[in-house]
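Read-outs: derived from the displayed coordinates by stated rules, not from any lab. Quantities reported herein were computed from a predicted structural model and do not represent experimental measurements. Neighbour counts are summed over all protein chains in view; Cβ atoms, including those assigned to glycine, are modelled from backbone coordinates with ideal geometry.
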Amino acid sequence: MLKPLNEAHCRAAIATGEFGTELLSAAPAVAIVMTQTWCPQWVWMRRYLDRLPEAPGRVIYFIEYDREAFFEDFMSFKEQVFGNHEIPYVRYYRNGAFYREGNYIDESGFLRLLG
C-alpha cells in the first residue's frame, strides 16, 4: 500500500512549495507521510500502514528523508514551508487539493482523515 517518494518528487516539492499534481491526483484520497527512520512513532505507524490492503480511491506515499542525500534540503523545506518540526508529518489531500495535516495518528484516525 505504501509507495515511496523519489528524489525527483521531493526536489520538485522543494522548488514549488507543494507536491506535484501527479502525486496529489493519483487517487481521490492521498496521504503523504514525511518522517525519519529512527522515530518510534513512525515505526508504530508503519506497522499498520504496511498492513492496509490496496484500496481503490486511496494512495499513501512516504519518504524517510534521513536516508536521502537531500536530507538537509528536505528537512528545511518541511519545517520552513510546511511549518512542521515533528515527525512523522502527514499531509492529506482530497481530489488533488490539500485537506488536512497532522502528525502521528492511530490507524482509525488515519483512515478517517484519509477518507
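What to note about this one:
- DSSP-defined beta bridges in the chain - what % are antiparallel, rounded to 5: 50 percent
- Directionally averaged shadow of segment 50-115, computed from the convex hull of its alpha-carbon atoms, nm²: 5.2 nm²
- Sequence of L113, L23 once ranked by neighbouring C-beta atoms within 10 Å, starting from the fewest: L113, L23
- Pairwise centroid distance, computed over Cα atoms, of segment 82-100 with segment 10-55, Å: 9 Å
- Neighbour-count order for C10, C39, fewest beta carbons within 10 angstrom listed first: C39, C10
- Residue-count net charge about W38 - beta-carbon cut-off 15 Å; Lys, Arg +1, Asp, Glu -1: -2
- Segment 1-42: chymotrypsin sites (Phe, Trp or Tyr not before Pro) in DSSP coil with no more than 10 other Cβ atoms inside 10 Å: W38
- Between R112 and D50, the simple spin-label model (points 7 angstrom out along Cα→Cβ) gives 2.6 nm.
- Under 5 Å, built H, 5+ apart or other chain: amide partners of K3: I60, Y61, F62
- Alpha carbon convex hull of segment 2-114, projected area averaged over orientations, nm²: 6.2 nm²
- Extension gain for E7 to F70 (0.36 nm times residue separation, less C-alpha to C-alpha distance): 21.9 nm.
- Listing T35, T16 from fewest to most neighbouring C-beta atoms within 10 Å gives T16, T35.
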